[in-house]
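No value in this document is a laboratory result; all are computed from the given coordinates. All values reported here derive from a predicted model rather than from experimental measurement. Cβ atoms come from the backbone with ideal geometry, glycine included; neighbour counts cover every protein chain shown.
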Amino acid sequence: MKRTFLKTKAILSSAALLVALGFSACNSGNTGDANSAKSEDNAMIGAGSSFDNPLFSKQFAEYATTNGLKVNYQSVGSGAGISQLTNKTVDFGASDAPMNGKQDSALTAPVLHIPVTAGAVVVSYNLPDVKDTLKLTPAVLADLFLGNIKKWNDAKIAAVNPNVKLPDVAVVIAHRSDGSGTSNIFTTYLSKVSTDWDSKVGKGSSVNWPVGLGGKGNEGVAGLIKQTPGAIGYVELAYAVQNGMAYAQVQNKAGNFITPSIASVTAAANITLPPDSKVSLTNTEAADGYPISGFSWVLIYKEQKYNNRSQERATQLLKLLSWMITDGQKFSGALNYAPLSPAATTTAQAILKTATYDGKPIL
Amino acid sequence: MDSLFFKLTVKITIMDASVNKIALENNHADHASAGTIPEIGAKAKARIKRSYRQIKMEQVFKRTLVLMGLIMVILVLGIFLTLIVQSIPSIKAIGIKYLWSKTWDPVQDVYGAFPFLLGTLLTSFLALAISIPFSIAIAVYLGEYYPKGWLSNFLKNTVELIAAVPSVIYGFWGLAVLVPLVRSFESKIGVEPIGVGIFSASLILSIMIIPYAASLGRSMIQMVPSPLKEGAFSLGATRWEVIKSVVLPYTRSGLFAGILLSLGRALGETMAVTMIIGNTSLIPKNIFAPGNTMASVIANEFTEADKPVYLSALIELGLVLFVVTVVINMIGKKVISRFTNA
């Protein structure tokens, strides 16, 4: 009996030891497994925005056949991409929003934002009896999503759509339930055009929606809109085009009502960009630009010599990115991405030139 | 978990004792034979060798069992500890009011789990209430009325198939079929006809959890000793009376265990609920309103949680879900043991 007791004691103490080991292992997991980005012969590793994924898949497949460089892109979401870059487990990250202050402060070295494509968020609705395209002003859009406009035949909507017979149907708001770059672009836009929205809700990839239903992903929101009479929500331009959804014209800063399209999104980005390209394309000055647009960025470290990376790997990465913002742009149109505007391409090229290896420029 | 560990050690002790006893007996027998016949035969030697090997095998087997059991214990403890450690930033920033504050606003870094806690409990218990009549009826029918035959086999397999269907398919089906039905029902009774919401999610959940209670209940009812039932029949009881006063009282702890299993599934179900609950952080005004559960919030927001406290608040949500599940299970075990003692 005593023997068993001692044994039990031994077992228990070894169990405690194992728990402690497992514990320390999960802690060290946070500081990052840096080895994955080091391996020389392996493919370039990227992670981030799921919005970019269809375009990246096409671009990287093309680049692999012409230049022989394989790129392994994990479409895990912008936030996860940024944290993987912060942990230095990937060669590049991709995000639909520029890095915020808290993410910046977690970094150990400066990061470059390189615009690689632009997308837009369209406002889609389900009003079976309305045949004409609805027009929406920024004020009406904000009032709808704040819950201030409750019926479709509200005077505020009627004022901008004088020729449309609006039904007496309740407005049902549909928004994204998952954190997403699409929500970020949309809420950034609303914060810009409505002080009320800015103070009550704010901008971000997930916000506290004052009203409405949440759907997971573009398909979730689209499903809610299609099923619910009187619903209005926002989805990515590419998704709306591919699925033939009805979407509204939105008034831009210049006062024009703009139909979202690849051309009008590219136009929105043809403005004077700041040198670091970290700018929101919402509500830009461009007269024929669609106001709810946004860049998507690839993120890399400015100093490419870290974690024993070779100069060759750094050069390969920079060449890839340089191709993506020039020749690689020709694949955008077919996939309903807006190609970079001339202004954006020039800015992106200038940013790439500032990347260094051991203090010396790479390109 | 504790009781499992205890049982394991008890079993091991018993096994240990019996192994020792065998070894003693073997030794004894060998000594006895050595006394009468001076030379130990080759046969006897081989036997001794074999019995040592047997004992060794026995110990290896026992140790494997202990190891397997321990790995489970360590895993559960490890998960629990990880959840706690990762929640610390959020616990520090928000404190205990996390549990009852009503605003979930990632932009302002304000996190309150109450709407989701409410949503989880509301959907799970509503689903349970809807599913119990069905699962008990199926259990009684399959266990008592038609325990054999092709029809009962068919029904049994169909019910078990419900558990095998991936939850995302329930989500799709719910969105395509159930939600429009609920919407027309809602417009008839005069609430806002949006279709998705707590009620739809509970309906889907109730279908998903039926098999757990039904299967366990069926096998429990089949295990009721026939002498008990025959006794009741011989006293002139009808079938309904036998079920009411013999079968159900005899099996109630088993039935309750099945219901508990269903509840556990309902609490943690993520995908199907996320697709049809409406995903809003507002507190639901009635059961037809949209809401959110803890599991669906985690599924929705985890990938894009871009601030340390936000991420930590989501992990704390997981911790709360873990604790809620454990507490409900513990209450359930208490209730079961009370039933069994009575």
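Over chain B, Cα pairs under 8 Å with separation of 6+ residues give a relative contact order of 23 percent. Modelled this way, with points 7 Å down the Cα-to-C-beta line, the labels at B:Asn153 and B:Gln222 are 1.2 nm from one another.
In terms of distances greater than 24 angstrom between alpha carbons, the cross-link table entries A:Lys200/B:Lys102; A:Lys156/B:Lys188; A:Lys58/A:Lys302; A:Lys70/A:Lys216; B:Lys97/B:Lys334; A:Lys88/A:Lys330 yield A:Lys156/B:Lys188; A:Lys58/A:Lys302; A:Lys70/A:Lys216; B:Lys97/B:Lys334; A:Lys88/A:Lys330.
A Gaussian network model of chain B, with springs between Cα atoms under 10 Å, assigns the largest mean-square fluctuation among B:Gln54, B:Gln86, B:Gln108 to B:Gln54.
The mean sequence separation of alpha-carbon pairs under 8 Å and at least six residues apart, normalised by the residue count of chain A, gives a relative contact order of 21 percent. Can you grab the distance from the C-alpha centre of the range A:198-235 to the C-alpha centre of the range A:137-164, Å, no decimals? Answer, in whole Å: 17.
Placing pseudo-labels 7 Å out from each Cα toward the beta carbon at A:Val241 and B:Lys49 gives an inter-label distance of 8.1 nm. Panel order for B:Met330, A:Met99, by other beta carbons found within 10 Å of each beta carbon, from fewest to most: B:Met330, A:Met99. What is the angle, in °, between the Cα long axis of helix B:198-222 and the longest principal axis of the Cα atoms in chain B? Nearest 10 is fine, range 0 to 90. Taking the Cα atoms of chain B, the angle to B:198-222 is about 20 degrees.
Fully extending the segment from A:Asp327 to A:Thr345, taken as 0.36 nm per residue of separation minus the present Cα-Cα distance, adds 5.4 nm.
Using the Karplus relation 6.51 cos²θ - 1.76 cosθ + 1.60 with θ = phi - 60°, the per-residue 3J(HN,Hα) values for the range A:58-73 come to 5, 4, 5, 5, 4, 5, 5, 6, 7, 10, x, 9, 8, 10, 9, 10 Hz, with x marking Gly and Pro. Across the range A:232-239, rounded Karplus estimates of 3J(HN,Hα) from the backbone phi angles (6.51 cos²θ - 1.76 cosθ + 1.60, θ = phi - 60°) give 9, x, 10, 9, 5, 4, 4, 5 Hz, Gly and Pro being marked x.
Taking only the Cα atoms of the protein assembly as shown, the radius of gyration and Dmax are 32.3, 119 Å. Does chain A come out rounded, prolate or oblate, given a ≥ b ≥ c as the square roots of the eigenvalues of its C-alpha gyration tensor, rounded meaning a/c under 1.5 and, failing that, prolate meaning a/b above b/c? Oblate.
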